[in-house]
Structures are given as C-alpha cells and as structure tokens.
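Notes follow once the structure below has been shown.
The values are calculated or read from the model by the stated rules, or taken from the named source; none is laboratory data. All of these numbers come straight from a predicted model, not from anything done at the bench. Please note: Cβ atoms are built from the backbone with ideal geometry, for glycine as well, and neighbour counts cover all protein chains shown.
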Amino acid sequence: MTHHSPTAILPADTDAGRQVAQLRELLALVRRIAGQPQDKAEQETMLDKAALISAAYDRALPVVQRRFDALAREAAGWAAAGVEALLAAGDGTPPRAAAARLASQLERALGEMAALLD
C-alpha cells in the first residue's frame, strides 16, 4: 500500500484579472508591431473582460484556478519570449507577419483561459 500525503489547497496568490490584463497589454504591444493598433473602445472592453474574469476566478473551484494559473504562466512565458524575439528581429522594419501570428496565439490562449471559467 502506498502512502499519499494530503495536498493542501492554498488560495491563489495572484489576481486573475491582473494576469489577464497583463497578457492583454502584451497582446496590444504585439498588435502594434503587427500593424494592428487597438482603439480606445476595445481597450475599455478588455478592462471589463478582465474584471469579469477576476470575479469568475474567485468563484471557481481550486482545481480550475490552478489550471488557469498554469495556463497564464505558460502563456506569459512564451509570449514574453516571442516579444523579445520580435524586438530583436526588428532591424528597422518590424516583422509584421510573425507579430500577427503571435497575436493570434495570444488571443487563443486568452480565450482558453476565459473558457475555463465559464
């Protein structure tokens, strides 16, 4: 018989709304590099979505919160690396196609994160 130690359930030490807002800021930067600027109304909508996600996160089961946090960490890691690569590759002309692809992937990751909390 194997012995498993109990897993402690700890409250999340991060704010889901803040995580989403930071990823959306990164998305806005990538869109600008891709030549797809974001308008003011879209920025306000994104802030509203971040607040809704934060509230949904607070109501979610701990297992869902942990999965959300894992997705957020993963997305932040590869997105930051992608932005660094875009900035390093920009020799006066921004790599718009690569930035558009990164923006698409970021949008998809944000959608997956939001879907976890629906």
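Filtered by the rule that a residue be under 14 Å from residue 30 (Cα atoms) and among the aromatic types (Phe, Trp, Tyr), the stretch 68-93 gives a lone residue, 78.
Restricting the first member to the stretch 39-62 and to residues that are farther than 15 Å from residue 113 by Cα, and the second to residues that are hydrophobic (A, V, I, L, M, F, W, C), the beta-carbon pairs closer than 8 Å and six or more apart or on different chains are 43/28; 47/21. The single condition from (1) polar (S, T, N, Q); (2) more than 24 Å from residue 29 (Cβ to Cβ); (3) in a loop (DSSP other than H, G, I, E, B) that residue 65 fails is (3).
Scan the stretch 1-22 for residues that are modelled with pLDDT of 80 or more and either touching a Leu at 6+ places or on another chain (Cβ under 6 Å) or of a type in the set (D, E, K, R) (or both) and the total you get is 2.
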